[in-house]
Amino acid sequence: MIQVSQSNPNGSNRKRRSFLLYLASLALFYPVVRFVGYNIPRKPNYIKITSQLPLAGYLITRDFILFDKGDLCWALSRKCTHLGCKLHYSETDDILECPCHQSKFHASTGDVVKGPAKKPLILFPVEKRKSSPFYIVTT
Ligand code: FES
């Protein structure tokens, strides 16, 4: 009985060639994937507040709450860090509350007081001025 073994010398070449093709396609598409995933940095948005704050010392806008406690001014984002609902300010507790899942944030720092949110609120830089615009908030 004669056994014929079939060794295909081209089989290993074919595997090597397809592997090299795979590597070449990765090298070609890598710049494209990098370009698609690239985030262009957002330009800062300067919001001018042309009126003095009410006596309560805070102003609620669509995107942030501006606090002015004498020498200290700060603005906190109203976007909940859990899923993005608009926060409400509770003056009696001095916290920002989320109506969606009841997360609570400290109004002075933006830190999470109660979850499910885990990240603190975004703190926007505020420039306080003596004439109009009295406040410039950078968002
Ligand atoms: S969106 Fe605010 S707690 Fe869920």
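LYS128 - would you say it is of a type in the set (D, E, K, R), surrounded by 13 or more Cβ atoms within 10 Å (Cβ to Cβ) and within 16 Å of the ligand (Cβ to nearest atom)?
Numbers: of a type in the set (D, E, K, R): yes; surrounded by 13 or more Cβ atoms within 10 Å (Cβ to Cβ): yes; within 16 Å of the ligand (Cβ to nearest atom): no.
No.
When the residues of the range 79-95 are filtered to those that are more than 10 Å from the ligand (Cβ to nearest atom) and either among the β-branched types (Val, Ile, Thr) or in contact (Cβ under 8 Å) with a residue 24 or more places away in the chain (or both), the one that is nearest to ILE49 (Cα to Cα) is TYR89. A search for C-beta distances below 9 Å between a residue of the range 114-132 that is outside any strand (DSSP E or B) and any residue that is of a type in the set (Lys, Arg), counting only pairs 6+ apart in sequence or on different chains, returns GLY115/LYS104; ALA117/LYS104; LEU121/ARG78; LEU121/LYS79; ILE122/LYS79; SER132/LYS48. Per the conditions (1) within 16 Å of the ligand (Cβ to nearest atom); (2) free of Cβ contacts under 8 Å to residues at least 24 places away in the same chain; (3) more than 30 Å from SER132 (Cβ to Cβ), the sole criterion not satisfied by ARG17 is (1).
Restricting attention to the range 38-94, the residues being surrounded by 17 or more Cβ atoms within 10 Å (Cβ to Cβ) and of a type in the set (S, T, N, Q) number 2.
No value in this document is a laboratory result; all are computed from the given coordinates. Since the structure is predicted, the reported quantities are computational estimates derived from the model, not experimental observations. Glycine gets a Cβ as well: all are built from the backbone with ideal geometry, and neighbour counts include every protein chain shown.
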